[in-house]
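Have a look at the structure below before the remarks.
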Amino acid sequence: MITVLTITLAVILVITSVLLVVLILLHRGKGGGLSDMFGGGVSSSIGGSSVAEKNLDRLTVGLGLVWAACIVAVGLLVSSST
């Protein structure tokens, strides 16, 4: 039987998945990949990362950890209920 906890974790998983896609697309391309094809190579790199880029990196990693924890939790809940 599917519990409220499983449904809540599934909703959090969907929300974090969409947010991860958006955050990953916000990152500046490092060159040589698909980002150059869409104009990512036009921007000039000044040598260091700005505070906004560092915060975006931290937010992406943190959200990725929440996403991974939700996947593990949903997997454990589903496997224990069967």
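Of all residues in segment 7-37, those being modelled with pLDDT under 90 and either surrounded by 10 or more Cβ atoms within 10 Å (Cβ to Cβ) or in contact with an Asp or Glu (Cβ under 8 Å, 6 or more places away or on another chain) (or both) number 9. Figure legend. Inter-residue proximity from segment 4-31: first residues over 12 Å from L59 (Cα atoms) and free of Cβ contacts under 8 Å to residues at least 40 places away in the same chain, second residues among the small types (G, A, S) and outside any helix (DSSP H, G or I), beta-carbon distance below 7 Å, spacing 6+ or different chains. Indicated pairs: R28/S43.
Residues considered: V78, V42. Of these, the only one that is at pLDDT below 90, closer than 30 Å to L9 by Cα, of a type outside the set (K, R) and more than 22 Å from the chain's Cα centre (by Cα) is V78.
Taken over segment 51-73, the criterion of being farther than 16 Å from L20 by Cβ and surrounded by 13 or more Cβ atoms within 10 Å (Cβ to Cβ) is satisfied by E53, A73.
In segment 37-66, the residues that are over 14 Å from H27 (Cα atoms) form Cβ pairs under 6 Å with partners that are among the β-branched types (V, I, T) and modelled with pLDDT of 90 or more, at six or more places apart or across chains, as follows: L63/T16; V66/T16.
The values are calculated or read from the model by the stated rules, or taken from the named source; none is laboratory data. Remember, predicted model here, so these are calculated numbers, not experimental data. Every residue, glycine among them, receives a Cβ derived from its backbone with ideal geometry; neighbour counts consider all protein chains shown.
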